[in-house]
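Sharing a structure below in structure tokens format, with a few things to ask.
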Amino acid sequence: MMLPMADVTRRAALRLGLGAVGAASLFGGGVVRRPAPARATGTTFPTRESGSFVSPARGGVETNWIIARPPGQTGPLRPVIALHCKDGDAAWVMDLGVEEELAKLTAAGRPPFAVVAVDGGNTYWRPHSSGEDAGAMVLNELIPMLAEKGIDTTRVGFMGWSMGGYGAMLLGTRLGAARTAGICAISPAIYMTYFGAPPGAFDSVDDWRTNSVFNLAPRLAPIPLRVDCGTGDSFYYATRSFVGQLKPPPAGGFAPGGHDVEYWRAQLPAQLAWLDS
């Protein structure tokens, strides 16, 4: 059985003969790079602000974060928390073109907002028997920190790709409808069986049953939701099955494309505009 492209590690990509250039293209920007330190610019927040913190929820791991704002913003902005795919990181999210699209939306007269990305590892943004919980890191460490960075965390949006698409729905329902402004799940990693999931996604069959995305449907109902997936994506059929059970039906839809950066970049403008509505 073929693994989804986003679940192939960089090392595996090289073994498959993609070469350094092909592997870099597959993961949307190549080498994982450490964000530059945050810099203040007087009374105007920087367009990109970055830093890191040690995350107890992730077992003491140094965790990088990046805040992207439209240019020239001086007041508090509402945030969209953007969750990366497997083998991604905060810098990977920004490499999709987030900053450019935020600037375009604001230039077109749309209300400004910030996109926040953070390193989450490969644990599917959820608790595991090891004690690591990247989801708790987002909810209990990252979001409270944002309130100190000129971000209005009264209500929060979520978006994510592949593993992060699953995570966006999971964390949105954990935060609850009162504080979740909207969720955009892009090519969500939905596994119909425990045995179809990659190692590390779930601890056991019972863990998969408990944390299956299908169990989230009732809690997603009161939250604005958008789901997008390419018709050539390995998650296409599982996503169609999931979407068919949602009431009300989500925004978004299915369009030609695969489980890859090309599709994700093409869909990003419409998704950010929807989150800005």
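The values are calculated or read from the model by the stated rules, or taken from the named source; none is laboratory data. Worth saying up front: this structure is predicted, and the values here are computed from it rather than measured. Glycine also receives a Cβ, built like all others from the backbone with ideal geometry; neighbour counts cover every protein chain displayed.
As an exercise: evaluate W274 against (1) touching a Cys at 6+ places or on another chain (Cβ under 6 Å); (2) under 23 Å from L102 (Cβ atoms) and give the number of the one condition it does not meet.
(1)
Which pairs turn up if I take residues in the range 109-130 that are closer than 25 Å to T210 by Cα and without any contact (Cβ under 8 Å) to a residue 40 or more places away in the chain and look for partners that are buried (at least 20 other Cβ atoms within 10 Å of the Cβ) and not small (G, A, S) with beta carbon separation below 7 Å, at least 6 apart in sequence or on another chain?
P127/D133
On to the next question. Being assigned to a helix (DSSP H, G or I) and touching a Phe, Trp or Tyr at 6+ places or on another chain (Cβ under 8 Å) is the requirement here; does L170 meet it?
The answer is yes for L170.
Give all pairs with beta carbons closer than 8 Å in which a residue from the range 257-268 that is more than 11 Å from S187 (Cα to Cα) and touching a residue at least 40 places away in the same chain (Cβ under 8 Å) meets a residue that is in a helix (DSSP H, G or I) and charged (D, E, K, R); count only pairs at least 6 apart in sequence or on separate chains.
Within 8 Å, the pairs are L268/E101.
Shifting gears a bit: Go through the range 65-90 and count every residue that is without any contact (Cβ under 8 Å) to a residue 60 or more places away in the chain and closer than 30 Å to P199 by Cα.
The number of residues fulfilling the criteria is 3.
Criterion first (farther than 25 Å from P79 by Cβ and touching a Ser or Thr at 6+ places or on another chain (Cβ under 8 Å)) does F242 satisfy it?
So F242 fails the test.
Would you please name the residue that is surrounded by the fewest Cβ atoms within 10 Å (Cβ to Cβ), looking only at residues in the range 225-277 that are in a strand (DSSP E or B) and within 15 Å of the chain's Cα centre (by Cα)? Please lay out each step first, then the result.
Kept after step one, since they are in a strand (DSSP E or B), are these residues of the range 225-277: 225-230, 251-255.
If we keep only those that are within 15 Å of the chain's Cα centre (by Cα) too, we end up with 225-229.
Working: L225: 24, R226: 20, V227: 26, D228: 27, C229: 30.
Ranking the qualifying residues of the range 225-277, first place goes to R226.
Here is a yes/no grid of residues against (1) over 23 Å from R126 (Cβ atoms); (2) modelled with pLDDT under 95; (3) surrounded by 22 or more Cβ atoms within 10 Å (Cβ to Cβ); (4) among the hydrophobic types (A, V, I, L, M, F, W, C):
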| position | (1), (2), (3), (4) |
| --- | --- |
| P4 | no, yes, no, no |
| F27 | no, yes, yes, yes |
| P71 | yes, yes, no, no |
| P79 | no, no, yes, no |
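Given the criterion assigned to a loop (DSSP other than H, G, I, E, B) and surrounded by 22 or more Cβ atoms within 10 Å (Cβ to Cβ), identify the matching residue among A177, A185, A201.
Just a single option satisfies the conditions, and that option is A201.
Another question, if that's okay. Of all the residues that make up the range 146-161, how many are surrounded by 16 or more Cβ atoms within 10 Å (Cβ to Cβ), over 8 Å from the mean Cα position of the chain (by Cα) and more than 12 Å from G182 (Cα to Cα)?
Result for the range 146-161: 5.
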